[in-house]
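Data block below; observations after.
Each reported figure results from applying straightforward, stated rules to the coordinates on display, with no laboratory input. This one's a predicted model, so the numbers in the text were calculated from it and none came from an experiment. Reconstructed Cβ throughout: ideal geometry from the backbone, glycine too, with neighbour counts over all protein chains shown.
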Amino acid sequence: MIHPIYHQIVNLPNFISLIRICLAPLLFYFALTQQPDWFIIVLVGAIFTDVLDGFLARILNQITSIGSRLDSWGDFIIYSTMAICAWILWPDILLRKLPYFIVITLSFTLPVLVGFIKFHTVISYHTWSVKIAVVITVLGYILLFTGLVDWPFRLAAAFCVYAAIEEIAITLLSQHQLVDVRTVWQALKFRQRHKIDHV
């Protein structure tokens with residue numbers, strides 16, 4: 001008989017999240033060998049897996065806490081890789097947009113750092129604000145570094161700041177680590193419920 005934990009670990013959404021993590025070395029390879037076109041193609045594929053794993057988890061009813069954390073690790077690795085590789089491939093463009101780049105980078109890393117300090121693991125909230133910020137950031141990133149337009153990248157910085165503030169607020173409000181908290185208001189409800197249960 002297969003142990004229930006097996007299905008939490010070995011499933012299609014988790015496999016796709018793992019593929020996203022494995023694409024990071026390939027992104028570094030294309031950056032280090034100065035192949036920006038292939039870098040962008042693989043990056044788009046990695047972002048697609050981010051959408052696909054969540055979609056499959058919902059329709060296959062395979063949403064698990066392990067899967068949520070693996071998804072968060074995949075996101076953190078890919079978006080960190082994006083930032084580092086941008087310095088390698090397009091240093092001149094990055095220097096011109098340095099303030100926005102710093103804001104976006106800090107917005108993605110500070111909530112993770114605060115969550116790690118408090119809960120000793122990577123947070124996995126998947127808030128709506130982060131989802132929106134990621135879409136705008138990736139779109140802005142591609143448009144900026146393909147030389148099309150730069151204003152979506154500037155807009156992304158504002159959305160990233162709001163998303164970061166919300167994630168940090170959720171961490172500070174939470175008594176224990178929560179998974180899949182869509183908004184700070186949901187975190188407040190969890191906190192109130194926790195207080196009532198312990199009265």
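I'd like the projected area of the chain, averaged over all directions, using the convex hull of its alpha carbons. Report it in nm² with one decimal.
Working: hull surface 50.9 nm².
For the chain, averaging the hull's shadow over all directions gives 12.7 nm².
Which angle between 0 and 90 degrees, to the nearest 10, do you get for helix 36-59 versus the longest principal axis of the chain when only C-alpha atoms count?
Once rounded, one gets 20 degrees.
Check VAL179: other-chain or 5+ apart residues with amide H under 5 Å from its amide H, H built from backbone geometry?
Placed amide hydrogens put nothing under 5 Å from VAL179.
How high is the FRET efficiency from PHE55 to VAL149, r the C-beta distance, R0 35 Å, rounded to 0.05?
Given R0 = 35 Å and the Cβ-Cβ separation, E is 0.75.
Name all residues of region 17-33 having a backbone nitrogen under 17 Å from the label point set 7 Å from the Cα of PHE48 along its Cα→Cβ direction, giving them as ranges.
17-24, 26-27
Roughly how many debye, to the nearest 20, is the charge dipole of the chain about its Cα centre, given +1 on each Lys and Arg Cβ, -1 on each Asp and Glu Cβ, and no other charges?
Numbers: 13 positive and 11 negative charges, 108 e Å.
With only Lys, Arg, Asp and Glu charged at Cβ, the dipole is about 520 debye.
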